[in-house]
Amino acid sequence: MKRLLSTMVIMLLSFAFIFAQGAKEGTTAEESGESFTFTDDLGRTFTFDGPIERIAPSGNLAQMILYSLAKDKMVGLSSYLDESALLFLDEKTNDLPLFGTFYGKKANLNREAVILEDPDVVIDMGEIKGDAKNTIDDLDTLTEQLNIPVVFIECYLDNTADAYRRLGELLGCEDEAEIRAEYAERAINTAHGLREKITEPVRVYYSSMPDPLSAIATGSFHGEVIEKVGCINVVPASFSDGGNMISLEQVILWDPDVILLADRNAYDTVTSDPSWQGIKAVRENRVYLIPTKPFSFIDSPPSVNRIIGIYWLGCLLYPDVYGEIDLEEEVKEFYSLFYGYELNNLEVEDLLSVQP
């Protein structure tokens, strides 16, 4: 009997020890399984203790892409959405705290506001600002100031699909990211394929500002859609980037075939001011307002909104080449997928009205 009791005690103690070890090892394994490393597009590696649930954008470009993929994880905004944007986007978004932006002429990041909301990560997206080392130094400094990882994902128009896939990897939503990546990839590949069929490139002048003499130059991050669909930007790269003031005399010399404008005041100026009337685009009634609800199809911000701009601009300027594209259906699909908004036919018609 004593031997039986002793055996049972030993067995119970053994089971207890094994259970404790298993529980301990299970906890460690679970923590190990949840933690992961991520190397951003500047080669900086970060370790996260668990799934990322709280994210903050560093600027408007990142904000728009994050909204389209994981808006429920966003804990703050780079800028509030205006009334026209809220017609198509979740109005609750503007209830989030305002952080401001880290880069740009109007950089105004409120570091204290970011720290207060305690995101798991701050995500910066877009072009590498100047020298890569300078960008690394900037973001490393911000990481130290916030004590929050600041991850960079490169995002030009051409690699929008890759940017979504990278975000999906970081945020643990690969399937949702892949759906958006495939849409972006299809649009970009379409532009590449159809550009070979364009024999007479359209010469375009583009301004996104209320003053139509503030122009975007060739090669600018902000005018990628124009060149992507096979147009020639008449403003040379020698005119530096970022909304540059051009003289009307210079525009007359360039004599563009088409003028694209994002602002209604600029459109009214160009189409009614006698001093613009000698320009070919004005004479031939080829001055167009870019759709801007909730964001411009060309720029502002230079984010995912540019993907639908490929189809829009291609169909507008090269109707024969883009003849097989059902623009209305593409617009509906894009708004549903990236903005979560189901357009009706009247809304599509209003969006695509380029000459009020």
Seminar exercise, completed: Subset of the range 244-264, residues buried (at least 16 other Cβ atoms within 10 Å of the Cβ) and outside any strand (DSSP E or B), comes to Ile246, Val251, Trp254, Pro256, Asp257, Ala262, Asp263
Exercise. Does Val258 qualify as being in contact with a Lys or Arg (Cβ under 8 Å, 6 or more places away or on another chain), touching a residue at least 60 places away in the same chain (Cβ under 8 Å) and on the phi < 0 side of the Ramachandran plot?
Worked result: no
Exercise. If you scan the range 195-214, which residues turn out to be farther than 20 Å from Pro236 by Cβ and either among the basic types (Lys, Arg) or buried (at least 19 other Cβ atoms within 10 Å of the Cβ) (or both)?
Worked result: Arg195, Lys197
Exercise. Do we have Leu167 as in contact with a helix residue (DSSP H, G or I) (Cβ under 6 Å, 6 or more places away or on another chain), open to solvent by less than 10 Å² (accessible area, probe 1.4 Å) and not in a helix (DSSP H, G or I) here?
Worked result: no
Problem set entry | Identity of the residue in the range 215-229, surrounded by 22 or more Cβ atoms within 10 Å (Cβ to Cβ) and not in a helix (DSSP H, G or I), that ends up nearest to the chain's Cα centre (by Cα) | Ser220
Exercise. Would you pick out the residues in the range 68-115 that are in contact with a strand residue (DSSP E or B) (Cβ under 7 Å, 6 or more places away or on another chain) and touching a residue at least 60 places away in the same chain (Cβ under 8 Å)?
Worked result: Ala70, Lys73
Exercise. Of the residues in the range 45-77, how many are over 23 Å from Phe334 (Cα atoms) and among the polar types (S, T, N, Q)?
Worked result: 3
Seminar exercise, completed: All-but-one check, Lys129 against (1) over 21 Å from Phe295 (Cβ atoms); (2) at pLDDT 95 or above; (3) not in a helix (DSSP H, G or I), failing number (2)
Problem set entry | Filter result for the condition that a residue is of a type in the set (Ser, Thr, Tyr) and within 20 Å of His222 (Cα to Cα), over Ser296, Ser272 | Ser296
Problem set entry | Looking only at the range 131-152, and only at residues there that are among the aliphatic types (A, V, I, L, M) and under 20 Å from Asn110 (Cβ atoms), the one that is surrounded by the most Cβ atoms within 10 Å (Cβ to Cβ) | Val151
For this session: Identify the single condition in (1) of a type in the set (Gly, Ala, Ser); (2) outside any helix (DSSP H, G or I); (3) within 23 Å of His192 (Cβ to Cβ) that Gly278 does not satisfy, given that it satisfies every other one.
Result: (3)
Problem set entry | Selected residue (criterion: nearest to the chain's Cα centre (by Cα)) from residues of the range 37-93 that are exposed (fewer than 15 other Cβ atoms within 10 Å of the Cβ) and assigned to a helix (DSSP H, G or I) | Asp72
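The values are calculated or read from the model by the stated rules, or taken from the named source; none is laboratory data. This one's a predicted model, so the numbers in the text were calculated from it and none came from an experiment. Here Cβ is always computed from backbone atoms with ideal geometry, including for glycine, and neighbour counts include all displayed protein chains. SASA here: full protein model, heavy atoms, side chains in, ligands and nucleic acids out. Shrake-Rupley method; radii C 1.70, N 1.55, O 1.52, S 1.80 Å.
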